[in-house]
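First up is the structure itself, then whatever we jot down about it.
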Amino acid sequence: MSVRQQIEEHLRSEEVSRVIYGAIIGLALILVLEHHPPSAAAVEATLIATGFAVGLAELYSEIIGEWTRLGKRVERHRVRHMLKGVGAVFAGIVCPGVYFILAALHLMKLDTAFTLAKWSGLVLIALYGYAAGRLSGASRATSVMHALSVAAVGAALIGFKALVH
């Protein structure tokens, strides 16, 4: 399978919404940490810990929700399916961590890591919005509107942070 086919398969999967959800959580966390930044390693650890906490909370809520809906224990194959979604949320949250690893290794400044994490998160969210539009058969113009709409969420977070600090 080619890289393009793998990307298209991913973009058509249920995990796309979970990656976007995680990316928005990661972006919000980065914006909070940026005001009084800890060390780069502490930012990375916080992203990972948040990814685990949100992922486990999501898994638990999915299991309990299905358990109560069905009135019986959740089968293993369903839990494995749920874990894919949890992994996507985790990936979305920890994705900007690469910049903080580079900062911890003194390959970039911490301020640069925060700047890149913020704006690349916004771009990632927008690209997912655009891809979703295109894969649904929408025109380029409509897909750009999808991208701008979802990016507005991230931009609102960045704007709000700028206003209160």
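Quick look at the values:
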| item | result |
| --- | --- |
| Highest-fluctuation residue, A53, A151, A91 considered, GNM on the chain with Cα pairs under 10 Å | A53 |
| Part-to-part distance (alpha-carbon centres) for region 35-72 and region 129-165, which is given in Å | 24 Å |
| Relative exposure of I48, I93, I125, judged by other C-beta atoms within 10 Å (fewest first) | I48, I125, I93 |
| Stokes-Einstein D for the chain, Kirkwood Rh over Cα pairs, 20 °C, 1.002 mPa s (µm²/s) | 125 µm²/s |
| Full-stretch length increase - E14, L70 - with 0.36 nm per residue and alpha-carbon distance subtracted | 18.0 nm |
| Relative contact order, percent, region 3-160 [alpha-carbon distance under 8 Å, six or more residues apart] | 31 percent |
| Cβ-based exposure ranking for F114, F100, F90, in which fewest neighbours within 10 Å come first | F114, F90, F100 |
| Cα-projected label distance for H77 with F160, points at 7 Å along beta-carbon direction, nm | 4.1 nm |
| Hz values of 3J(HN,Hα) by residue in region 50-66 - Karplus curve (6.51, -1.76, 1.60), Gly and Pro given as x | 5, x, 5, 4, 5, x, 5, 4, 5, 4, 4, 5, 5, 5, 4, x, 5 |
| Neighbour-count ranking [beta-carbon atoms within 10 angstrom, fewest first] of R18, R73 | R73, R18 |
| Estimated FRET transfer efficiency when R0 is 30 angstrom, pair V144-A42 (beta carbons, to 0.05) | 0.20 |
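Read-outs: derived from the displayed coordinates by stated rules, not from any lab. The structure presented is a predicted model; accordingly, all values stated were derived computationally and were not measured. With ideal geometry, Cβ positions are generated from the backbone for all residues, glycine too; neighbour counts draw on all protein chains shown.
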